1. Of all residues in region 111-152, how many are touching a Lys or Arg at 6+ places or on another chain (Cβ under 7 Å), buried (at least 20 other Cβ atoms within 10 Å of the Cβ) and more than 25 Å from Lys92 (Cβ to Cβ)?
2. Which pairs do you get when a residue that is farther than 15 Å from His66 by Cα, found in region 92-119, comes within reach of a residue that is crowded, with 17+ Cβ neighbours inside 10 Å and modelled with pLDDT under 95, reach meaning Cβ atoms under 7 angstrom, with the pair 6+ apart or on two chains?
3. Identify, from the list Leu78, Leu62, the residue that is in contact with a Pro (Cβ under 7 Å, 6 or more places away or on another chain) and more than 13 Å from Phe218 (Cα to Cα).
4. Could you tell me which of the residues Ser231, Ser203, Ser184 is over 28 Å from Leu74 (Cα atoms), open to solvent by 20 Å² or more (accessible area, probe 1.4 Å) and at pLDDT below 50?
5. Every residue in region 111-136 that is assigned to a helix (DSSP H, G or I), touching a Leu at 6+ places or on another chain (Cβ under 7 Å) and not polar (S, T, N, Q), please.
6. Need at least 3 residues that are crowded, with 18+ Cβ neighbours inside 10 Å and modelled with pLDDT of 95 or more per element, so show me which helices (runs of 4 or more DSSP H) inside region 1-110 make the cut, counting only ones lying wholly within it.
7. State which residue pairs qualify: first residue farther than 12 Å from Leu165 by Cα and inside region 190-205, second residue part of a loop (DSSP other than H, G, I, E, B) in any location, beta carbons under 6 Å apart, and separation of 6 or more residues or different chains.
8. Give the residues of region 155-170 that are surrounded by fewer than 13 Cβ atoms within 10 Å (Cβ to Cβ) and of a type in the set (D, E, K, R), sorted by residue number.
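The values are calculated or read from the model by the stated rules, or taken from the named source; none is laboratory data. All figures in this text were calculated on a predicted structure; none of them were measured in a lab. Here Cβ is always computed from backbone atoms with ideal geometry, including for glycine, and neighbour counts include all displayed protein chains. These accessible areas exclude ligands, DNA and RNA; they are computed on the full protein's heavy atoms, side chains included. Shrake-Rupley method; radii C 1.70, N 1.55, O 1.52, S 1.80 Å.
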Amino acid sequence: MFPVIEEQQRLLWMLNHINEWYLGDDYGNKKSKTRDGITADMINPLCQESFPPCMQHLHYALKADHHLKHFGRLQFGLFLKGIGVSLEEALKFWRSEFIKGNMDVDKFDKQYAYAIRHNYGKEGKRTNYTPYSCMKIIMGNPPGAGDQHGCPFRHTRTDVLVQQLKAMKISSTQVDEVLVKVKSNHYQHACGMCFAAVHKQSSAEDTVLAIDHPNQYFELSQKILHPQKPSTSTIPRTMRTPQNATLQTSCASDVPGTDSETNTNKKIKQEAELDEGWENDDLDEIMSGVASMESM
């Protein structure tokens, strides 16, 4: 009985947050929009400069332990691919970290290099895998013992999260504001407030970004820190910005039996199709959740 209740609660949460699902750039291209040819030795300074909290955590965990478990390597590796790290540089980066943990090169090449090449579409089905969106990270496999993946705002204990935010030089007042969003389950808004604090931007409710993708966080940060020619390709979504209202999807008015309901179902299917990490079973599960909600 309890597993059924937990599953219903999980589906309900997903349905209530359809308007936050990411339908933007999949960041699947190898070349970053903000930097070309990111090398292995550039990753550490870029982490300190522009990585979102989830990727900072993974990077520092890798630096400390010289190893990440499967889901951590997948989440971090695809993010690095999305910011413009080539396959060759990715292999160099991961190999250099793993051998610091007393792993010989042969073992790395036999047990780990294949998965990295697979992420870049060079092995297996040769699929061009895309970096994980915030929603996929939040709703994906939760971290277990020894795992470092996930969303810090969703999966990290409050005291540990506070330490991480303060290490990013975010003031106690701003940390408290972020925690308010965390406690209300607005994890992407909490990340947006973190972004505003780190980049010395306004934290007013109607101007703070709702971060939808870790690579979005990185690119916006780089554009602020290293201004280039303005581009209209990426328009950040805010929590409440009337002039950008058409950029946001909303299911607030969805009523069973209406066109709005049909549009909502399409949005769910689009998200599942765009994110190659979703399996067909996940799509069926979500759609069945919509059907069960309609029958209530």
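1. Qualifying residue count, region 111-152: 1.
2. Taking only residues 6 or more apart or on different chains, the pairs are Asn119/Tyr129.
3. One residue alone meets the criteria, Leu78.
4. Ser231
5. Step one: list which residues in region 111-136 are assigned to a helix (DSSP H, G or I), which gives 111, 113-119, 134-136.
When the remaining residues are screened for being touching a Leu at 6+ places or on another chain (Cβ under 7 Å), the result is 113, 116-117, 119.
Hits for region 111-136 are Ala113, Ile116, Arg117.
6. 43-50, 53-65, 70-83, 87-99
7. Close Cβ pairs satisfying both conditions: Gly192/Val208; Gly192/Ala210; Gly192/Ile211; Ala196/Ser203; Ala196/Val208.
8. Arg157, Asp159, Lys169
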